[in-house]
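The values are calculated or read from the model by the stated rules, or taken from the named source; none is laboratory data. Not measured: the values here are computed from a predicted model. Backbone-built Cβ (ideal geometry, glycine too); neighbour counts: all protein chains shown.
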Amino acid sequence: MAPDTDFCTLNPEPSLLSKLDCALPISHPLGNVNVLHVFPYSPRISGGHSNAIRNFIQCQRPRGINAVAIAPRTDSPVALDWGFPLLETDLPAGLQWEALDREFGLRVGNTVVHLHNVERAHLPFLSQLHSARVPHVYTSHGQLNFRGVIHWLKKFVYLHLLDSGPRRAGGIHLLTQVAAQRLPRLLPRFHGPVLVQGNLADVAALAATPPCERSEFGLPADVFVLLFLGRLDVHVKGLDFLLRAYAALPAEKFRLVMAGPEWQAGRAQLDLLARELGCRDRIHFTGPLYGEKKWGLLRLADAFVSPSRWDAFPVAMIEAMAAGLPVVTSNKIGPAQEFAQAQAALVVPLDETALAQAIAKLEAEPEERKALAQRGRAWAELNCSPERAGARFGEFYEAVLTKTN
């Protein structure tokens with residue numbers, strides 16, 4: 001980070017707010033802080049991004065933060081209990097500060113607007129906030145990060161010529177330490193508070209759910225069950241690598257369960273590839289699973305495998321760690337460096353041979369598998385628990401308000 005950047009670190013040692021103005025006296029008691037979260041799309045669309053935002057909101061409210069939200073309107077007439085106040089309206093037209101102030105009872109001086117995507121369409125709303133002296137912050141779900149020089153250049157040009165929102169932000173929330181280290185290359189003059197906090201896992205829900213029965217999924221009792229949980233995005237999630245690695249494993253020892261919603265005809269692509277590889281009869285597609293079914297499947301599996309080509313901070317992987325599953329992933333995901341340093345997961349290159357060898361090693365070495373699972377669970381509990389994250393968000397918002405005022 002730049003020398004004068006406030007850095008609120010994910011690691012709990014020795015202090016969450018560790019530099020410069022983050023240490024200023026706090027003049028906003030936590031219970032008086034309002035936070036308006038802006039969803040980029042409807043939370044009715046279940047997925048990693050939407051679930052992550054909901055988890056962030058839900059971890060804040062028990063800490064006394066008045067976290068509310070606004071989201072794009074959908075055609076669904078069904079009323080849902082989100083666990084927090086949510087206004088569904090037309091966006092970005094519905095982003096009008098005075099109307100939102102009246103709707104939620106927000107007030108200048110103790111309110112932060114929290115955006116969950118970088119979007120030029122927000123600029124008129126941000127101008128209203130600036131005039132009213134209401135700070136805005138961003139969560140970068142991968143948008144304020146880059147892969148390679150060309151990707152960096154495109155984002156740098158966008159942020160400096162087309163969208164001033166991040167440069168004028170009161171603070172930025174990033175998911176990984178690597179993203180925090182790279183932020184000055186995108187925003188070299190940004191000096192506001194930065195919070196590094198990964199996505200969250202509901203450990204309590206996991207602990208309260210029994211494992212599913214193998215018979216529910218047609219799984220033999222004596223096989224090693226590999227689980228992929230997520231959308232069937234073949235390219236981004238590296239599912240072609242996964243199938244090629246799986247086809248190289250002994251047929252009598254392994255079964256692969258793939259749970260998640262369809263994505264751009266991914267199921268058909270996987271079906272075709274599995275038939276070409278001769279392993280289609282050993283793959284079990286479940287479709288999307290939610291709630292107890294999802295938790296129960298996580299507790300049934302023997303290992304979680306997700307060799308993504310790119311993933312900012314995969315929610316399902318953290319849930320698998322919290323469930324006590326050993327995890328095999330690629331070195332291309334956002335938290336790969338942190339996983340490797342903590343030995344919280346087997347981090348392998350995007351290579352089907354390396355992936356197959358890592359999976360075979362897990363199956364063959366039960367003591368190492370158990371140790372890996374324990375380290376992964378400890379890492380998830382330390383870095384991704386809602387209770388810890390709620391406290392971190394509270395200090396982050398207070399630092400933003402203190403600096404703004």
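Within the bounds of the range 210-217, is there any residue that is within 18 Å of the chain's Cα centre (by Cα), surrounded by fewer than 23 Cβ atoms within 10 Å (Cβ to Cβ) and assigned by TED's automatic domain parsing to the domain that holds residue 339?
Our first condition is that a residue be within 18 Å of the chain's Cα centre (by Cα); within the range 210-217, this holds for none.
The answer is no, given that none of the residues of the range 210-217 is within 18 Å of the chain's Cα centre (by Cα), surrounded by fewer than 23 Cβ atoms within 10 Å (Cβ to Cβ) and assigned by TED's automatic domain parsing to the domain that holds residue 339.
Yes/no matrix, rows are residues, columns are (1) without any contact (Cβ under 8 Å) to a residue 40 or more places away in the chain; (2) crowded, with 18+ Cβ neighbours inside 10 Å:
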residue: 315; (1), (2): no, yes
residue: 327; (1), (2): no, yes
residue: 340; (1), (2): yes, no
residue: 346; (1), (2): yes, yes
residue: 351; (1), (2): no, no
residue: 360; (1), (2): no, no
residue: 366; (1), (2): yes, no
residue: 386; (1), (2): no, yes
Review point. Mind checking which residues of the range 55-83 are closer than 11 Å to residue 35 by Cβ, under 20 Å from the mean Cα position of the chain (by Cα) and of a type outside the set (Gly, Ala, Ser)?
Key: 56, 57, 60, 61, 68
Point to revise | Enumerated strands (runs of 3 or more DSSP E) restricted to the range 217-304, each holding at least 3 residues that are within 15 Å of residue 363 (Cα to Cα) and in contact (Cβ under 8 Å) with a residue 60 or more places away in the chain | key: 224-229
Study note, to complete from the structure: Expected single match for at pLDDT below 95 and either outside the structural domain of residue 379 (by TED's automatic domain parsing) or on the phi < 0 side of the Ramachandran plot (or both) among 203, 194, 225, 234 is 203
